[in-house]
Amino acid sequence: MTSVREKQDALRRRSVTWIVSLATVGLVFDGYDLVVYGTLVPLFLRDPAQIGAVTPAVAGALGSYALVGVLVGALLAGSVGDIVGRRKVMLTAYAWFSVGMALTAFATTTTAFGILRFVTGLGVGALVATTGALVAEFAPRGRKNLCNAITYSGVPLGSLLAALLAILLLESIGWRGMFLIGALPLVTLLPLALVKMPESPAWLVSRGRLTEACAVAERTGVSINEPAEVGRDTAKPAPQERSGFAGLFGRSYLLPTLLLGLLSATGLVLVYALNTWLPELMGRAGFSTNGSLAFLLVLNGGAVIGALIASRFADRFGPKPVVAVSFLLGAAAIGLLTVSLPLGVLLAFVAVVGLGTSGTQILIYGFVATYYRTNVRGAGVAWCAGFGRLGGVGGPLLGGVLIASGLALDAIFYVLAVIAVVGTLLTLVVPTAARRGRATAQPAAGQPVVGEPAPASGQAG
């Protein structure tokens, strides 16, 4: 006979599968939205009949407008999500960026294109900032980094999809058709998420909405009567901790928050510099248009596979050392792109670059989502996604400036390798854990607490 515990575990597995699947698909379109532009840069540079004259500097600026929107959207979502809930922000974000992509397809000038890219970025930022918090609050013990890695691998998968579809369809459907593909979540993902995406019981408990939390827990199999941390003395509840951005920048979390923000910004400089400019750089190295786009496929494929493998080590040993090693591998691989190599070996190094850039960024989101207590987790992920977008904004601009300056191809890769080394150093100085402020804000004695099992040894939780 199946025990109650077994039934609850089976129900939770189904719920987590739905949540992770929907969140991953959302970030697939998210990644598609942000990277499809990079596949179109060579076309815009060559043909002013598309949206007007585009120079390398203008192309870099246009690539950054969406990321400014992501920055604003992510920071807003951190505050709004702690007030109205993770679910409402995510559903709104699905609709917002889908409509933005559809409208961008009809832009006829660089000005209109840039404005619509900014507007679309608001929805993208809200989604990136909220997804990690929701997934971390449903993920089971010892699987938080893996679940976040699966989810955030949607971003490079979307990048890979953008490159593949550009190779297969760009000539037949044009760049406008490529943007219309990015609007599909409005009629596919959004209706499904309305039915299958629950609100986080942890967030409901943190807001004192215990009846709703119990109802969601019953439907999803998530326990709300376990202590927040194994070994914690719950007979003596901790005093109420500040929530949201107030808690994020409180005494307990101030230093790690600043360091994690800089860490995310460093990673995103690399992610968006490469995803925007790699096709153009490889074209200048002598590869054909489709051959150059193929490097984007390998880059993002390496990011997905590498991050999924690395996340298992992060769950076992903690995310901090794994992120540091990933950055270092990326730096070495970028440097080796300057060496004359057979094509197969070159592609292998590009895959490692994917792990060290986009793959590392996936691990950073998991690091952040498991670092903070529940009532600041949404703000923490939003800060990572939002402040980090300063690096995302700078990535396309940096690439445009380096290319416009006439710098040699090898020198451009060396600059990017140095940035990856900086990421390694920043990771190493992040405090291993913020134990003083990590305890989940406790409800009054006798009230249930959503279970958040203890992290693996060396992990921030």
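In table form, for the structure just shown:
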{"quantity": "Whole-Å distance, taken between Cα centres, linking segment 337-408 and segment 181-195", "calculated": "27"}
{"quantity": "Projected label distance in nm at SER172 and ALA285, using a 7 Å step from Cα toward the beta-carbon", "calculated": "3.0"}
{"quantity": "Label-point separation in nm, THR211 to LEU407, each point 7 Å along Cα→Cβ", "calculated": "6.1"}
{"quantity": "³J(HN,Hα) computed for each position of segment 180-197 - Karplus, 6.51 cos²θ - 1.76 cosθ + 1.60, integer Hz, glycine/proline x", "calculated": "5, 4, x, 8, 4, x, 4, 10, 10, 5, 4, x, 5, 5, 4, 8, 9, 9"}
{"quantity": "Efficiency of FRET from Cβ geometry, ILE115 and VAL422, R₀ 30 Å, rounded to 0.05", "calculated": "0.35"}
{"quantity": "Backbone HN-Hα couplings from phi across segment 337-351 [Karplus 6.51/-1.76/1.60, Hz, Gly and Pro as x]", "calculated": "5, 7, 8, 6, 10, x, 4, x, 5, 4, 5, 5, 5, 5, 4"}
{"quantity": "Simple label model, 7 Å out from Cα along Cβ direction - ARG316 to VAL415, nm", "calculated": "3.9"}
{"quantity": "Across LYS144/LYS196; LYS88/LYS320; LYS7/LYS320, pairs whose alpha-carbon gap is larger than 23 Å", "calculated": "LYS88/LYS320; LYS7/LYS320"}
{"quantity": "Between helix 389-404 and the chain: long-axis angle, C-alpha atoms, 0 to 90°, nearest 10", "calculated": "10"}
{"quantity": "Exposure proxy ranking, count of Cβ atoms within 10 Å, fewest first, for PHE387, PHE29, PHE287, PHE138", "calculated": "PHE287, PHE387, PHE138, PHE29"}
{"quantity": "Only Lys, Arg (+1) and Asp, Glu (-1) charged, at Cβ; the chain dipole about Cα centre in debye", "calculated": "1060"}
{"quantity": "Residue (of LEU194, VAL41, PHE106) at the positive-pole extreme of segment 4-438, dipole from beta-carbon charges", "calculated": "LEU194"}
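Bear in mind that the values in this text are calculations on the coordinates, not laboratory data. This structure is a prediction, so every number in the text was calculated from the model and none was measured. Heads up, the Cβs are rebuilt from the backbone with ideal geometry, glycines too, and the neighbour counts pull from every protein chain shown.
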